[in-house]
Ligand SMILES: [Zn+2]
């Protein structure tokens with residue numbers, strides 16, 4: 001499997017784009033690096049530009065541990081809420097800071113909240129090409145949530161026609177519908193046996209696991225909810241079963257082989 005993590009700070013990337021990036025992202029990402037290190041796993045880290053600018057030493061630590069550093073936009077605003085000029089600036093700023101910090105080319109991109117849409121595919125692909133991006137990991141072939149997803153895989157051909165390699169998130173067929181498996185809230189909320197069972201039909205070399213370091217943070221809700229108002233739906237969606245993440249992640253890392261996009265598809 002391909003291990004991926006989106007490196008962002010929940011308070012800024014989900015709760016309020018105008019908040020500063022907090023140093024929780026340092027603690028949480030360090031925890032994740034330790035867990036991966038204990039299992040000898042390297043993966044792909046899609047790092048948000050705002051995080052890289054504030055904590056360049058974190059990006060250095062990720063690269064130093066052997067992980068691939070890729071791009072997860074600058075501010076985490078959804079792409080369909082940006083203009084072409086704003087997306088170009090977000091990409092320019094994040095890719096240049098990641099490359100300056102690591103000294104390596106960035107070749108991979110994941111859009112915040114899988115926010116790719118057909119209506120801006122032309123400028124989306126043009127801008128990724130301008131920044132030297134070779135592959136995209138932003139496509140969810142399931143329409144479980146209203147804010148993202150494609151109902152069929154025609155999008156993959158449309159991206160390929162524009163010269164972009166595309167690796168969609170892993171889904172499995174249940175009752176005639178695609179169900180996301182191996183990532184984010186789905187992995188956090190499903191019991192481990194269910195993930196394991198849903199993943200049985202996937203290609204274990206190329207299927208994609210994704211998570212956020214903040215999902216390992218079991219104190220964030222208590223501390224944040226004393227400071228700001230968190231709507232109940234958001235509280236459930238974002239914080240449910242964070243306490244189960246570490247043990248499930250350790251099981252997953254034990255049960256499957258993991259690698260990065262770079263090592264599977266673009267070895268040096
Ligand atoms: Zn994200």
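So residue 15 fits all but one of (1) out of contact with any helix residue (DSSP H, G or I) (no Cβ under 7 Å at 6 or more places or on another chain); (2) buried (at least 24 other Cβ atoms within 10 Å of the Cβ); (3) closer than 22 Å to residue 235 by Cβ; what number is the exception?
(2)
From the list 145, 93, which one is more than 16 Å from the ligand (Cβ to nearest atom) and surrounded by fewer than 20 Cβ atoms within 10 Å (Cβ to Cβ)?
93
Any residue in the range 43-54 that's farther than 23 Å from residue 259 by Cα and at pLDDT 95 or above: show its pairings with residues that are away from the ligand (no atom under 12 Å from the Cβ) and in a loop (DSSP other than H, G, I, E, B) at Cβ separation under 8 Å, as long as the two are six or more apart or on different chains.
From the range 43-54, the pairs are 50/21; 51/21; 54/20; 54/21.
In the range 110-128, how many are away from the ligand (no atom under 16 Å from the Cβ) and touching a residue at least 60 places away in the same chain (Cβ under 8 Å)?
0
State whether one or more residues within the range 22-30 are within 12 Å of the ligand (Cβ to nearest atom) and over 12 Å from the mean Cα position of the chain (by Cα).
Taking every residue of the range 22-30 in turn, at least one turns out to be within 12 Å of the ligand (Cβ to nearest atom) and over 12 Å from the mean Cα position of the chain (by Cα).
Mind checking which helices (runs of 4 or more DSSP H) fall wholly inside the range 149-268 and carry at least 1 residues that are within 22 Å of residue 35 (Cα to Cα)?
Of the helices (runs of 4 or more DSSP H) lying wholly inside the range 149-268, those with at least 1 residues that are within 22 Å of residue 35 (Cα to Cα) span 184-189, 192-198, 220-225, 232-239, 245-255, 261-265.
For the range 198-233, which positions are within 16 Å of the ligand (Cβ to nearest atom), within 29 Å of residue 173 (Cα to Cα) and in contact with a helix residue (DSSP H, G or I) (Cβ under 8 Å, 6 or more places away or on another chain)?
Matches in the range 198-233: 209, 210, 211, 212, 213, 214, 215, 216.
If residue 136 satisfies every condition in (1) surrounded by 18 or more Cβ atoms within 10 Å (Cβ to Cβ); (2) modelled with pLDDT of 95 or more; (3) touching a helix residue (DSSP H, G or I) at 6+ places or on another chain (Cβ under 6 Å) but one, which is the exception?
Single failed check for residue 136: (3).
Within 16 Å of the ligand (Cβ to nearest atom) and either at pLDDT below 95 or in contact with a strand residue (DSSP E or B) (Cβ under 6 Å, 6 or more places away or on another chain) (or both): which single residue out of 72, 67 fits that description?
Working: 67 fails: within 16 Å of the ligand (Cβ to nearest atom).
Within the list 72, 67, the selection yields 72.
The values are calculated or read from the model by the stated rules, or taken from the named source; none is laboratory data. All of these numbers come straight from a predicted model, not from anything done at the bench. Cβ coordinates were reconstructed from backbone atoms using ideal geometry, including for glycine residues, and neighbour counts include every protein chain displayed.
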